[in-house]
Structure formats: C-alpha cells, structure tokens
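A.B. asks: One structure is given below, represented as structure tokens, and several questions about it will come after.
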C-alpha cells in the first residue's frame, strides 16, 4: 500500500516543487539510483537463493526410506 501511494505522490510532489525547465533533469536523476541498483539486487537475490537453499524446497517431497 505504501509503495503504491509513493508511486503516485512522488511525481505529483515533484511537479509541484520543481521548476519546469529542470523537470527532465530531476526525473532522470530520480530514476538513476533504481536503474543502477537493479543488477546488484539481482546478483544479491541469486546469491542468497544459492547460499540459503533449503534441502527440501517448494515442490520437492521428502524421500521416506
């Protein structure tokens, strides 16, 4: 819920505060951290998935001897 409100309120607040001639620069600068962090986040999630792997993950059944 909070993230969806932020997605709507952030650009509206930016339009109200930032002068029109700087709007493109501010919009590009606000997107840059997210775009630059995406590959690092993907690497981190992949590393966590392989490091913290459970012996019986989803869809796997335990073998009974």
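The values are calculated or read from the model by the stated rules, or taken from the named source; none is laboratory data. Computed from a predicted structure; not experimentally measured. So basically every Cβ, Gly included, is an ideal-geometry build from the backbone, and we count neighbours across all protein chains shown.
A.B. asks: So residue 19 clears everything in (1) surrounded by 10 or more Cβ atoms within 10 Å (Cβ to Cβ); (2) modelled with pLDDT of 90 or more except one condition, right? Which one?
C.D. replies: (1)
A.B. asks: Identify the single condition in (1) at pLDDT 85 or above; (2) loosely packed, with under 10 Cβ neighbours inside 10 Å that residue 28 does not satisfy, given that it satisfies every other one.
C.D. replies: (2)
A.B. asks: Which one of 57, 41, 10 is under 21 Å from the mean Cα position of the chain (by Cα) and modelled with pLDDT under 85?
C.D. replies: Of the residues listed, the single one that is under 21 Å from the mean Cα position of the chain (by Cα) and modelled with pLDDT under 85 is 10.
A.B. asks: List every residue pair whose Cβ atoms lie under 8 Å apart, where the two residues are 6 or more positions apart in sequence or sit on different chains, the first residue falls within segment 35-49 and is assigned to a helix (DSSP H, G or I), and the second residue, located anywhere, is at pLDDT 90 or above.
C.D. replies: From segment 35-49, no pairs qualify.
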